[in-house]
Every structure is written in C-alpha cells, then in structure tokens.
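S.K.: Quick one: the structure is below, and I'll ask about it shortly.
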Amino acid sequence: MLKLVTIVVACVLTVLTVRKILQLTSSAAKVKVARPAQPRAVTRLRQDPETGVYYPEG
C-alpha cells in the first residue's frame with residue numbers, strides 16, 4: 001500500500017513539474033516587438049538633370 005501511495009505522489013509531482021517547465025519555456029519564446037511611435041519620414045530624392053546625381057528634396 002505504501003508503494004502505491006509513493007508512486008502516485010511521484011507521478012503527480014512529475015506532472016506538475018513538467019507543466020511548470022512547459023509554461024516557462026513557452027513564455028520565454030514570446031517576444032514583444034517594439035515599434036516606433038512615429039514612423040520615420042521617407043526622404044524624397046531629386047535627380048540633377050545635368051550631373052545625374054540625386055540629392056535630398058526640400
């Protein structure tokens with residue numbers, strides 16, 4: 001009888017431990033991506049017709 005109780009307790013503790021480990025590994029895999037509050041403005045370029053060089057507009 002004592003062997004059976006010991007085995008049942010060991011199985012319950014094993015299941016609880018495996019669940020806790022799976023929760024820790026799954027929570028570590030989640031990544032929060034930090035997005036900038038304002039997206040950067042795109043710099044428009046204009047081509048100099050004589051030289052063909054591009055320069056920032058504005």
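No value in this document is a laboratory result; all are computed from the given coordinates. The model shown is predicted, which means the values in this text are computed figures rather than measured ones. With ideal geometry, Cβ positions are generated from the backbone for all residues, glycine too; neighbour counts draw on all protein chains shown.
S.K.: Report, to the nearest 10°, how far helix 2-29 tilts away from the longest principal axis of the Cα atoms in the chain, using its own Cα long axis and a range of 0 to 90°.
M.R.: It is inclined by approximately 0 degrees.
S.K.: How much mean residue ellipticity at 222 nm does the chain get from its helices, if each DSSP H run of length 4 or more adds -39500 (n - 2.57) and you divide by all residues, to the nearest 500 deg cm²/dmol?
M.R.: Counting only the DSSP helices, I get -17500 deg cm²/dmol.
S.K.: What is the distance, in nm, between label points placed 7 Å from the Cα along the Cα-to-Cβ direction at L45 and at L16?
M.R.: With each label point 7 Å from Cα toward Cβ, the separation is 6.4 nm.
S.K.: Once percent of Cα pairs over 13 Å apart is worked out from the coordinates, which option in [x] 58; [y] 70; [z] 78 does it equal?
M.R.: Matching entry in [x] 58; [y] 70; [z] 78: [z].
S.K.: Among L16, S26, L2, whose Cα projects farthest towards the positive end of the dipole of the chain, with charges put on the beta-carbon of Lys, Arg (+1) and Asp, Glu (-1)?
M.R.: Sorting the options by dipole projection puts first L2.
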